[in-house]
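Here the structure is laid out as structure tokens; the discussion comes afterwards.
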Amino acid sequence: MSKAKIVIHAEKCCGCRICELICSLTHTGVFNLSKARIRVCIQRTPSNKKISPFLIDVPVVCEECNPAPCMEICPVEAFSRDPQTDAVLIDEDECTGCGLCIEECPEGILRLDLDRNIAIKCDLCSGSPECVKYCPTSALDFKI
Amino acid sequence: MLKGGYTGKLLRIDLSKKEIITESLDEKLLEKYLGGRGLGARLIFEELAPKIDALSPENKLYILTGPLQGTLTPFTPKCVVVSKSPLTGTFTRALCGGHFIQDLKYAGYDGIVIEGKAEKPVYIWIDDTKVTLKDATHLWGKTTGQTERMIKKEIGDDTVKVASIGPGGERCVRFASIISSSRAAARGGCGAVMGSKNLKAIAIRGKGEVKVANLDLFKKILEEAYLSIKADPAAPFRIKYGTTGTVAIAHKMGIMPVRNYSTGVFEGIENIKAESMRERIVIHDESCFACPLPCGKLSLIREGPYAGTSLEGPQYETIGLLGSNCGIDNIETIAKANQLCNELGIDTISTGNVIAFAMECYERGLITKEDTDGIELKFGSGKALVELVKKIGKREGFGDRLAEGVKRLSTHIGGGSDDFAMHVKGQELASFEPRSIVGMGLLFATANTGANHSLGPTFRQEMENPLSPQGKAEILVAAQNDYCLMDSMIFCSFSRYGLDMKFRFKFFSAVTGFNIGGVAAAEIANRIYTLERAFNVREGFTRSDDSLPPRSLNEPIPEGPSKGNVVPLKEMLDEYYRLRGWDSESGIPTRKTLEDVGLKDVADELKEQRYNL
């Protein structure tokens, strides 16, 4: 069992994408959505009466699997776990950008930073995730 | 050297020549006009020849961001669309929120200028730095929702951002809108300008970044801003009800327009209040991009003839115009009419006005079923409302007349109907009964776009004494100037929940590295407002056009809290010109006023065009 993770309450998500923006700012110092470690899938065209508020705006973030398929597939052992939070971390110096972990991710949330050719993922901001702090509707929760 | 916020690039697309150019934006120009509306005012004044036909290839469409779009600055999801209005012939600017414009920034552009006219229907596809014109023949005739879905499908990416026109824009309905996923650049007929250019849509996918000049400062004020928004006592109410929260208080003050602005009391008000709407149709709260205050309401009609229809909305203005102003007290009917307006791409405010006007003409016997294609056009008829929305959007039968707007329709019908044709300079009034809040009347009379509530609303400042003309000109000038700045940095009006003007400037400085203080800001605001006015002066507008419909000026409101009142316009207007530094007889800015705000070149040009300064 992993220790900490971001818990999602999709029904509360209003699709503002603030989590993606603060994530990009925190990790890269600029606003670039392709470098966010969290993503919101927005589907606002409900076409029938059965539309569920759980399916309109849906944040997706690393589930911190344990065991973690990304970690296990990595050919250069670039992955480790944060001793504080148990979050899966990527050593940017070791990562070769081969993309195997991205293919393996069951959530499809790992992605490649195309400018630096390395895989990027949520690191739980060392135990105090900025996305949770700035989420205006408490759709994101941090559970330890 | 631009340090942050701006990309410094403008995309210019000539549809006639099929030419796509990237231009550099002069830093000095941005310092003088900030971006968005200010930049648009400057560009349109310089680039448009006087007195061109707004629906001809000579008109241009400016779709502009400000320095803050694409950043995490709260309340900055909007873009500004500037053009010459086919409804009024004036300068016009419309705002569009949602999730569209940030991608233009990420693609590397501060704005798009669209000129000329395509030979056949096209759409613009901005795939990051690669810009192409794509055939849109197969999209012509489609609604905005269909267009959006089809473009996403043919590009093969559901995250592509699309803004499009519907059949209304294609047929040049004079108040056609541009729609991006239920959000609209609605007023002034920008959609008709787009349609006249055979431009069906703009699709964008931006993959780049937006920088911030002072990162540490930005993070610090961001944290402060979020605390301030959370601490605002009105914020939870607005999150729950969005703009519709205004319906109840507006009606209590006699401000909701009722049956073509004929009275201040609506007997069906309970059914169209925010609480009732929330209970009956709202299923989810929605935010625009990067906005911490989800005022958007995703609605689903659950019962009745329109069951199954979903939309984002309706909002306050739409409830006023498609609702009480047409005598409609059924929220499902209003929502359906709203959804049709969005799909057909027409402005809900002007649409509600023109239908209400036609209803009054019908009830007075000025028109009959022979004129209305057999429709029993009475106030309160939801069926008539929905039918007419469809007819306007497609310019079918009687709808073709209505698509010209209240002013032209009134001229056609005659019979003294201009007494209750509720427009200024050809643009229909927004959801504020001016006899119950006279400063808003002054705003409608003077707004550079024709009647429009969003160019400096004084509603909140006037609540204590809504009927007194005292001090209203001063309140209005300040509000109009604030909105010049907000529309140029591009803050949504909802930024009032948590941010004041000083706070907005802090974000502007942190993002751009430019400093903007009180004095400089006041000069910029005056420059922008005066320049827009100069555009209208060059088109031939004078003081006589700064008026209100005869009903607002001469017909005492028969009931409600402001019973017996009319708008005392002249006295407010005299004071207004004095404060603005405009000639009180002609309404034209004096040479001194123009030169004081750095517009000597504009003064020279007006002189050349033989206007007496």
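No lab work stands behind these numbers, since they all come straight from the coordinates. In this text the structure is predicted, and so the values were computed from the model without any measurement. In this analysis, Cβ positions are derived from the backbone assuming ideal geometry, glycine residues included, and neighbour counts consider all displayed protein chains.
Pick from segment B:204-248 the residues that are aromatic (Phe, Trp, Tyr) and within 11 Å of chain A (Cβ to nearest Cβ): which of them is nearest to the chain's Cα centre (by Cα)? Spell out the reasoning first.
Our first condition is that a residue be aromatic (Phe, Trp, Tyr); within segment B:204-248, this holds for B:218, B:226, B:237, B:241.
In the following step, the residues that additionally are within 11 Å of chain A (Cβ to nearest Cβ) were identified as B:218, B:226.
On the way: B:PHE218: 29, B:TYR226: 27 Å.
Within segment B:204-248, the match that is nearest to the chain's Cα centre (by Cα) is B:TYR226.
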Failed item, numbered, when A:THR96 is tested on (1) more than 14 Å from every other protein chain (Cβ to nearest Cβ); (2) surrounded by 15 or more Cβ atoms within 10 Å (Cβ to Cβ); (3) polar (S, T, N, Q): (2)
Flag for A:GLU11 being facing another protein chain (nearest Cβ under 10 Å), surrounded by fewer than 17 Cβ atoms within 10 Å (Cβ to Cβ) and over 19 Å from A:PRO129 (Cβ atoms): yes
Single condition B:SER584 does not satisfy, out of (1) touching a residue at least 12 places away in the same chain (Cβ under 8 Å); (2) within 30 Å of B:MET256 (Cβ to Cβ); (3) out of contact with any strand residue (DSSP E or B) (no Cβ under 7 Å at 6 or more places or on another chain); (4) surrounded by fewer than 17 Cβ atoms within 10 Å (Cβ to Cβ): (2)
Total residues in segment B:517-534, condition surrounded by fewer than 21 Cβ atoms within 10 Å (Cβ to Cβ) and in contact (Cβ under 8 Å) with a residue 60 or more places away in the chain: 1
Looking only at segment A:99-138, and only at residues there that are within 13 Å of another protein chain (Cβ to nearest Cβ) and closer than 14 Å to A:VAL60 by Cα, the one that is surrounded by the fewest Cβ atoms within 10 Å (Cβ to Cβ): A:ARG111
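Please verify whether segment B:406-419 includes one or more residues that are touching a His at 6+ places or on another chain (Cβ under 7 Å) and under 24 Å from B:CYS361 (Cβ atoms). Don't jump to the end; show me each part of the working.
Start the filter on segment B:406-419 by keeping residues that are touching a His at 6+ places or on another chain (Cβ under 7 Å), which leaves B:406-407.
Retained after the next criterion (residues that are under 24 Å from B:CYS361 (Cβ atoms)): B:406-407.
Within segment B:406-419, one or more residues are touching a His at 6+ places or on another chain (Cβ under 7 Å) and under 24 Å from B:CYS361 (Cβ atoms).
State all residues of segment A:17-43 that are part of a loop (DSSP other than H, G, I, E, B), in contact with a strand residue (DSSP E or B) (Cβ under 8 Å, 6 or more places away or on another chain) and of a type in the set (A, V, I, L, M, F, W, C); if no residue qualifies, say none. Before the answer, list the steps.
Within segment A:17-43, the subset part of a loop (DSSP other than H, G, I, E, B) is A:17, A:29-30, A:32, A:36-38, A:43.
From what's left, in contact with a strand residue (DSSP E or B) (Cβ under 8 Å, 6 or more places away or on another chain): A:17, A:30, A:32, A:37-38, A:43.
Hits for segment A:17-43 are A:VAL30, A:ILE38.
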Members of segment B:286-307 found to be facing chain A (nearest Cβ under 8 Å) and among the aromatic types (Phe, Trp, Tyr), listed by number: B:PHE289
Failed item in (1) β-branched (Val, Ile, Thr); (2) closer than 29 Å to B:SER287 by Cβ; (3) over 23 Å from the mean Cα position of the chain (by Cα), with B:VAL265 passing the rest: (2)
Search result, residues across segment B:82-95 that are in a strand (DSSP E or B) and crowded, with 24+ Cβ neighbours inside 10 Å: B:VAL82, B:SER83, B:LYS84, B:PHE91, B:THR92, B:ARG93, B:ALA94
Test set (1) of a type outside the set (Phe, Trp, Tyr); (2) facing chain A (nearest Cβ under 10 Å); (3) within 23 Å of the chain's Cα centre (by Cα); (4) farther than 27 Å from B:ALA403 by Cα - B:ILE283 fails condition number: (3)
Residue in segment B:65-72 that is of a type in the set (S, T, N, Q) and under 23 Å from B:ALA522 (Cα atoms) present: yes
B:THR318 away from chain A (no Cβ under 14 Å), among the β-branched types (Val, Ile, Thr) and closer than 25 Å to B:VAL354 by Cα: yes
Long-range neighbours under 7 Å by Cβ, at least six apart or interchain, first residue touching a residue at least 40 places away in the same chain (Cβ under 8 Å) within segment B:361-382, second part of a loop (DSSP other than H, G, I, E, B) and not charged (D, E, K, R): B:CYS361/B:ILE367; B:LEU366/B:GLY415; B:PHE379/B:GLY327; B:GLY380/B:GLY327; B:GLY380/B:ILE328; B:GLY382/B:ILE328; B:GLY382/B:ASN330
Criterion: more than 28 Å from the chain's Cα centre (by Cα), closer than 30 Å to B:ASP500 by Cα and part of a helix (DSSP H, G or I) - qualifying residue of B:GLU595, B:GLU575, B:GLU523, B:GLU532: B:GLU595
Pick from segment B:127-162, criterion in a strand (DSSP E or B) and farther than 18 Å from B:ASN198 by Cβ, ranking: farthest from the chain's Cα centre (by Cα): B:LYS130
